[in-house]
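These notes are about the structure you will find just below.
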Amino acid sequence: MNIGLAAGIIVGALPGLTGTMCIALLLPMTYGLNSLTGMILLLGVYCGGIYGGSVTAILINTPGTPASAATVLDGYPMAKKGQAGHALGLALSASEIGGLFSVAVLIVAAPQIARVALDFGPAEYFALALFGLTIIASVGGSLLKGLIMGLVGLFVATIGMDPVGGTDRFTFNITELSSGVNIIPALIGLFAITEIMYKARDIYKPAGDVIEVKSNEKISFRDVLQYKATLLKSSIIGTFIGVVPGTGAAIASFLSYNEAKRASKHPELFGTGYGEGIVASEAANNAVTGGTLVPLLTLGLPGDTNTAVLLGALTMQGIIPGPQLFVQQRQWVYSIMFALIIVNIFMYIQGRFFIKFFVNVTKVPTQVLVPILITLCIIGAYAVNNTTFDALLMALIGLFGYYMKKLDFPLTPMVIAIVLGPLAESNMRRALIISQGSALIFFQKPISCFFILLAVFMLFFPLVKKHLEKKKGAAAA
């Protein structure tokens, strides 16, 4: 368990090297182990990988995994304020609580939640993705610039093979683009390469403020519990998103961040180094871990790419997930559930121990750090499909992101659109095929209708709120 956690945290913290890759690499180690021991090793990698992404997201503005992309928004600004230890502590505590919450849900309500997830068809998936895309309205300073970057992201999401017709779109006869733009090179390019290019501008200047953990910075659960409402909501959102197959921790993270900002009494503080933003993102993406095991164990459906690899590991061990698993191998199932509790506890212990070592990465001179980061980014992008094309694509996207950042265009809306675009498009078209072209299908189903109405509300809420505040100010004057 501890070996898996350590491997997951290290790989998760390296930009571009995901927990899925680490699970796949350690999979051969489970051949000689019994099914329970092997599964516990891989669960350690799974949980550690998702948490590990927050370390580099906070310290060097580069999310180790897509799940921590939303953590960058407040984590790095807080670290620049000299509160790196506090930010890392919030991320660790929120990850711990989110993970334990999802395990509790897994133990108590796995079969019942799986039945709800079965009600999700193409219309419901589209509505959920549409709701997620409304986050664009609340990310960044300018709504217009945010929408422009969101549209650019949606365009990038359409590159590749048509999910329904099977024809190539915007590939310009480049074979490597037939499968679309992979999220890992895009994420590394937009966040890591862009930030590295900014660092490289000042590579020979004297070092500025070094991000470090102050000796008097205490890391405790009290800090995170002051955001208990956000913690609870984010854990619920993360668990639910985990239960719905095909979504994942990145979507849960952005949805929770958006909800926390909407419900906050101080939404203007989000993006400036506000602890509630870190808590929302990290509680949600770690709550996905327990949620994804609900459809995996009860229905044999992988909730994300990590659990798809876990499904392969179970099959190799002769364990067939499904409703009968709870009848025929009940002891095995509940052993896994309680092992996941211990995994999350050990994750907190390891995180507390390693935080003081993690932060040393910010003390490395810029002229040494930049080439190391570029090397890791190239390795991470190359390792996705073992092609140099992904590394070149990462560089091009990074160059684009650098100039967009110079023009004060927010990069996060583009990432959100790239993540959610394929989910929205494919399910919208499937729903329209089922309804023979009638858009009423999205309003005839209660779940999809609810999410669409919520999306409309979220899109216009900032404008209405701004108008009401102006009106109130004028009345007061």
_Which count do you get for residues in the range 448-475 that are closer than 19 Å to Lys265 by Cβ and either in contact (Cβ under 8 Å) with a residue 60 or more places away in the chain or open to solvent by less than 90 Å² (accessible area, probe 1.4 Å) (or both)?_
6
*Would you kindly identify the helices (runs of 4 or more DSSP H) lying entirely within the range 357-445 that contain at least 2 residues that are touching an Asp or Glu at 6+ places or on another chain (Cβ under 7 Å), crowded, with 16+ Cβ neighbours inside 10 Å and in contact (Cβ under 8 Å) with a residue 24 or more places away in the chain?*
366-385
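May I ask you to list the residues in the range 238-260 that are open to solvent by 40 Å² or more (accessible area, probe 1.4 Å) and either at pLDDT below 85 or touching a helix residue (DSSP H, G or I) at 6+ places or on another chain (Cβ under 6 Å) (or both)?
Gly246
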*asked:* Could you go through the range 299-309 and let me know if any residue there is surrounded by fewer than 24 Cβ atoms within 10 Å (Cβ to Cβ), at pLDDT 75 or above and part of a loop (DSSP other than H, G, I, E, B).
replied: no
*Exactly one of (1) out of contact with any helix residue (DSSP H, G or I) (no Cβ under 7 Å at 6 or more places or on another chain); (2) assigned to a loop (DSSP other than H, G, I, E, B) is unmet by Lys470. Its number?*
(2)
*asked:* Please determine whether any residue of the range 147-165 is modelled with pLDDT under 85, assigned to a helix (DSSP H, G or I) and either open to solvent by less than 30 Å² (accessible area, probe 1.4 Å) or among the β-branched types (Val, Ile, Thr) (or both).
replied: no
_Consider the range 311-354. How many of its residues are open to solvent by less than 70 Å² (accessible area, probe 1.4 Å), assigned to a helix (DSSP H, G or I) and at pLDDT below 75?_
2
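The values are calculated or read from the model by the stated rules, or taken from the named source; none is laboratory data. Keep in mind the model is a prediction, meaning the values are calculated, not measured. Cβ: placed from backbone, ideal geometry, glycine included. Neighbour counts: every protein chain shown. Heavy atoms of the whole protein, side chains included, go into the accessibility calculation; ligands, DNA and RNA do not. Shrake-Rupley method; radii C 1.70, N 1.55, O 1.52, S 1.80 Å.
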